[in-house]
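The values are calculated or read from the model by the stated rules, or taken from the named source; none is laboratory data. Just so it is clear, the model here is predicted, and its values are computed rather than measured. Heads up, the Cβs are rebuilt from the backbone with ideal geometry, glycines too, and the neighbour counts pull from every protein chain shown. The accessibility values were calculated without ligands, DNA or RNA, using every heavy atom of the protein model including side chains. Shrake-Rupley method; radii C 1.70, N 1.55, O 1.52, S 1.80 Å.
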Amino acid sequence: MAIENIFNTKVGLALGSGGAKGIAHIGVLKALQDAHVQVDYVAGTSVGAMVASMYAFNIGIDTIAEIAQRLTLTQITTFKFNKTGFFTADPLKEILIEHLGEVNIEDAAIPLSIVATDINTGEEVIFTEGPLADAVCASASIPGVYIPMQLNGRTLVDGGIVQSVPVQAVKAMGAGVIIASQLGGVGAYEEPKNVLDVMRNAFDIALSHRTYEETKAADILIAMDLRDFSISDNTERYDELCAIGFEAASEALKKMSWYRSTNPLLYLWRVLRVITPFKMPEILGCYKNKS
């Protein structure tokens, strides 16, 4: 953290990937609302991109919840065999346009970033402008399952490959206090029930170490044990999943309460975070030299 950013108290929210487990993000949003946390920036990957988009365009949390309760994997995909995949996300695009219109990312009420991956170069692609629905569909295109999106001359797939929880994306936007919602993060995975579950588990396991390093940069990490939930359909367990997100976020947000009432304490905390990594080795060195 740079010295000049010590006093930056703008809040950034990073919503991670996880398929139908993304219902838990809605519980997180409810907890933020109840705690009166003002989000200044939001970024999303895969299902997190969909939730982040609606939130950024001021769609009410109750409305987001109503939409989520009706969605299953079959409702947001269309079978279309192709040598690069088996499904398209066209129905997801239609849902976004139905509720938001044909809007651009830069028109969001809350500054928004959406993360995708260029499958040809391995580069992360962070959308901060351009057609919203196209960017969200690209971010949610699981490689090997969905046909990659062709957008702006790039071949794009799920952003979880490069940023499963888009902490760096929201940090780059200017956030000083980062809240990350991770749909998992406890080192456990659901028992696979179909080929999609197997592929997603393998995908998450392969990226687990990268995700661990990514989330270190978050000031508040909301990690949930969702191994008992499906990545394809949790509509019948909506209340349970949403409650887990709410409870996990409410507990994590207690860390904010001590400095929300007084900024000087926040400044001191951030100063210590900056200087401690450098001072501790010096202190230890002095101690060893004396001994």
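In this structure, the amide hydrogen of LYS10, modeled 1.01 Å from its nitrogen in the peptide plane, lies closer than 5 angstrom to those of GLY176, VAL177, counting only residues at least 5 positions away or on a different chain.
When peptides 57-70, 146-159, 26-39 are ranked by their average number of other Cβ atoms within 10 Å per residue, the highest-first order is 146-159, 26-39, 57-70.
Cross-link pairs exceeding 29 Å between alpha carbons, from the set LYS171/LYS255; LYS93/LYS193; LYS216/LYS254; LYS30/LYS171; LYS21/LYS216; LYS93/LYS254: LYS93/LYS254. Given +1 at the Cβ of Lys and Arg, -1 at the Cβ of Asp and Glu and no other charges, the dipole of segment 1-153 around its Cα centre is 540 debye to the nearest 20. Using θ = phi - 60° in the Karplus curve 6.51 cos²θ - 1.76 cosθ + 1.60, the 3J(HN,Hα) couplings for segment 48-57 round to x, 5, 5, 5, 4, 5, 5, 5, 5, 9 Hz; x is entered for Gly and Pro.
Arrange the peptides 83-92, 109-118, 170-179 so that the one whose residues have, on average, the most other Cβ atoms within 10 Å appears first.
Working: 83-92: 16.5, 109-118: 24.5, 170-179: 21.6.
Highest to lowest by the protection proxy: 109-118, 170-179, 83-92.
With the convex hull of its Cα atoms as the shape, segment 1-140 has an orientation-averaged projected area of 9.8 nm². Extension gain for THR63 to GLN150 (0.36 nm times residue separation, less C-alpha to C-alpha distance): 28.3 nm.
Average the reciprocal distances over every distinct pair of alpha-carbons in segment 57-161, invert the result, and give the Kirkwood radius in Å.
14.2 Å
For LYS193 and PHE86, a Förster radius of 22 Å and the Cβ-Cβ distance give a FRET efficiency of 0.80, rounded to the nearest 0.05.
Phi angles of segment 240-248 translate, via the Karplus equation with coefficients 6.51, -1.76, 1.60 and θ = phi - 60°, into HN-Hα couplings of 5, 5, 4, 5, 4, x, 5, 5, 5 Hz per residue; Gly and Pro are given as x. Extension gain, GLU102 to ALA206: 0.36 nm times the residue separation minus the Cα-Cα distance gives 33.9 nm. Across segment 147-159, computed HN-Hα scalar couplings (Karplus, 6.51 cos²θ - 1.76 cosθ + 1.60, θ = phi - 60°) run 5, x, 7, 9, 8, 6, x, 10, 9, 10, 9, 3, x Hz from first to last residue, x flagging Gly and Pro. Amide hydrogen proximity for VAL103: with H placed 1.01 Å from N in the peptide plane, the residues at 5 or more positions away or on another chain lying under 5 Å are LEU132, ALA133. With every protein chain in place and a 1.4 angstrom probe, the accessible-area ranking of MET199, MET54, largest first, reads MET199, MET54.
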